[in-house]
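The values are calculated or read from the model by the stated rules, or taken from the named source; none is laboratory data. Owing to the predicted nature of the structure, the values given are computational and were not obtained by experimental measurement. Backbone-built Cβ (ideal geometry, glycine too); neighbour counts: all protein chains shown.
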């Protein structure tokens, strides 16, 4: 696998992961309460 191919795979995974309910909740919780306070639900 080339670096470019690896970066393409990483970008696709990052996009998928950051569109989850947990990601949205985690970012909002971090901005409101700081690190380590989010309670994730697995979605």
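Values as computed for the structure displayed
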read-out	value
Selection status of residue 2, modelled with pLDDT of 90 or more and either exposed (fewer than 10 other Cβ atoms within 10 Å of the Cβ) or touching a strand residue (DSSP E or B) at 6+ places or on another chain (Cβ under 9 Å) (or both)	yes
Counted residues, the stretch 18-43 - those being modelled with pLDDT under 90 and part of a helix (DSSP H, G or I)	0
Unmet requirement for residue 35, which otherwise passes all of (1) surrounded by fewer than 11 Cβ atoms within 10 Å (Cβ to Cβ); (2) under 10 Å from the mean Cα position of the chain (by Cα)	(2)
Neighbours by Cβ (under 6 Å, 6+ apart or cross-chain): first from the stretch 1-12, on the phi < 0 side of the Ramachandran plot and in contact (Cβ under 8 Å) with a residue 24 or more places away in the chain; second in a helix (DSSP H, G or I) and loosely packed, with under 10 Cβ neighbours inside 10 Å	none
